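The values are calculated or read from the model by the stated rules, or taken from the named source; none is laboratory data. Source: prediction; values computed, not measured. When we count neighbours, we look across all protein chains shown, and the Cβ atoms used for this are built from the backbone with ideal geometry, even at glycine. These area figures cover heavy atoms from the full protein model, side chains too; ligands, DNA and RNA do not enter into them. Shrake-Rupley method; radii C 1.70, N 1.55, O 1.52, S 1.80 Å.
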Protein chains: 2
Amino acid sequence: MTPFDNSSSPTPPDLADAKAQFIHLWGVSGTSWGVSKTLAQVHALLLVSPQALSTEDMMAQLTISRGNASMTVRELLDWGLIYKELRPGERREFFVAEKDMLQVTRCIIRARKRRELDQMKRTLDQLAELPGDPANAEYQAFHTVLSDIQQLAAVSDKLLTKLMQAERNWFWDKFLKLFL
Amino acid sequence: MTPFDNSSSPTPPDLADAKAQFIHLWGVSGTSWGVSKTLAQVHALLLVSPQALSTEDMMAQLTISRGNASMTVRELLDWGLIYKELRPGERREFFVAEKDMLQVTRCIIRARKRRELDQMKRTLDQLAELPGDPANAEYQAFHTVLSDIQQLAAVSDKLLTKLMQAERNWFWDKFLKLFL
DNA sequence: CACAGATTTCAATAATTATTGAAATCTGTG
DNA sequence: CACAGATTTCAATAATTATTGAAATCTGTG
C-alpha cells in the first residue's frame, strides 16, 4: 500500500500490517454496531491513511466494487465522518476522515440516535394517545408500561443530546471526574 | 386474545388493538437495535401481558414456530428480561417479563455492551501492543488514532457500567438534575 | 424404566441485507 | 455541445441472518 509516496519515509511492513488488522477489526465491530462491513472498513481505511484517498484507492485496497465504494462514501459523507477533498487540476474526488475522535463520536451518536431512538419515540407518542377506560386494571398496566418506556426514551434522548454537545474539557473534567 | 380468563374484566377490543400495535412497534424497533424481530415481539408480548404465558400462547399470538419460540425464550432468559414461572401440577413452563423498566434498561445495556464494546476493547488492546518506530510520523499518527479510540472505549465502558449500577433515585436526581 | 407431554436441536429453507457491475448520468473542458 | 473521465443508479446476484419443523432429547410420574 502507498509505496514511495511520501518524502519522509515509506510505510514499514509492520505498520501496514497493523493497519490492515485495524481495518479488519473495525469491519467486524461495524457489523455488531449495525452498519455494513464495507462502511466500517472504508472509514477505518481513511482513519489510518495519512493522505486523502480516491475511490479507486479504496476499491484497490479493500477489493470492493466501484458501486459499493461510491455508495459507501456517500453514506460516510452523510454521517459527517469523512470530507471531500478537491485537488486543483484533478477531476477525481479525494476523501479524508475526520480524525478528531470526539467529533467522530458525535457523528456516530447522532446517526444512531436518529436511527434507533427518534423513530421509536414518534411511534410511541402516537400509541400513548390511545383512549381507554382508566378504571380497567389491564388498561392501567399497559399505560404504565408505555409511559415508563416514554420516560426512558426521553432520558436517553437528553443524555445523548448532552453528550453530543459536550466540549472537550467538559467531557473529560465534569463528566469523568465528578460523574464517575 | 386471552378471552374470559380474568375475573375482573375481559380485554376490551381497543386495548387488544393497542397492544398489537405496541408489539409491532417493538418488533420494528428491535430490528434497528440489532435484535431479531421475533425476540423483540416476544418481549413486547410478555411486557403487556397481565398473566404469564406459555410457549404455546406465544406461538399462537405471534404465529411463530415452536423452535423459534423456544430459542427466543431461552435468549430472553439469558438477557434477564423474562423469568420462568412454574405452576404446581402443570408440566408446561410459563414466562413473565421483568416489568421494571429501570431493570429492563440495565439488562439491555449489559447485553449490548457485551456485544458491541467488550469484544472491541479486547481486540483493540491487542492491536495497541504493536511495536513500531516512534520516530516515524506515520506510526505516531496511527498510534494516536488507536489510543484515542481506546480512551473513548474506556469512557463509554465506565459510563455504561455506571448507568447499570444506578439506583432509581440516583438515576433521576443526580443524573437528570445535576447533569443535564 | 416406559410413557406422555413437554422442550431443544439443527439441517433445510425463507427472508433480509449487502454487493456487484454494467448502463446511465453527471461534469468540466476544448 | 461533444468528448473523456469521472460518479451514480439499480436490477441481478451473493452473502448473511432468521425461521421452520421434524427428529432427538429431556423430565416427571406411574
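Points worth noting:
- Qualifying residue in the range A:42-54 (condition: free of Cβ contacts under 8 Å to residues at least 24 places away in the same chain, within 30 Å of residue A:159 (Cβ to Cβ) and within 16 Å of DNA strand C (Cβ to nearest atom)): yes
- Just one of the listed residues (A:110, A:66) is within 14 Å of DNA strand D (Cβ to nearest atom) and either among the basic types (Lys, Arg) or touching a Lys or Arg at 6+ places or on another chain (Cβ under 9 Å) (or both), namely A:66.
- Any hit, the range B:51-72, residues being under 24 Å from residue A:32 (Cβ atoms), buried (at least 18 other Cβ atoms within 10 Å of the Cβ) and touching a strand residue (DSSP E or B) at 6+ places or on another chain (Cβ under 8 Å): no
- Residues satisfying the stated conditions in the range B:75-97, i.e. over 11 Å from the mean Cα position of the chain (by Cα) and closer than 18 Å to residue B:42 by Cβ: B:83, B:84, B:85, B:92, B:93, B:94, B:95, B:96, B:97
- The set of residues in the range A:71-102 that are in a helix (DSSP H, G or I), more than 14 Å from DNA strand D (Cβ to nearest atom) and in contact (Cβ under 8 Å) with a residue 12 or more places away in the chain comprises A:79, A:102.
- In the range B:101-152, of all residues being small (Gly, Ala, Ser) and touching a Ser or Thr at 6+ places or on another chain (Cβ under 8 Å), the one that is nearest to residue B:48 (Cα to Cα) corresponds to B:128.
- All conditions but one from (1) within 16 Å of DNA strand D (Cβ to nearest atom); (2) open to solvent by less than 40 Å² (accessible area, probe 1.4 Å); (3) within 13 Å of chain A (Cβ to nearest Cβ) apply to residue B:119; the one that does not is (2).
- Counting only residues that are buried (at least 16 other Cβ atoms within 10 Å of the Cβ) and either within 12 Å of DNA strand D (Cβ to nearest atom) or acidic (Asp, Glu) (or both), the range B:29-42 holds 9 of them.
- One residue alone among B:34, B:27 is within 11 Å of DNA strand C (Cβ to nearest atom), within 15 Å of the chain's Cα centre (by Cα) and closer than 22 Å to residue A:139 by Cα, and that residue is B:27.
- Every residue from the range A:1-33 that is modelled with pLDDT of 75 or more and among the small types (Gly, Ala, Ser): A:16, A:18, A:20, A:27, A:29, A:30, A:32
- Total residues in the range B:122-159 satisfying the condition of being open to solvent by less than 80 Å² (accessible area, probe 1.4 Å), at pLDDT below 90 and farther than 25 Å from residue A:46 by Cβ: the figure is 1.
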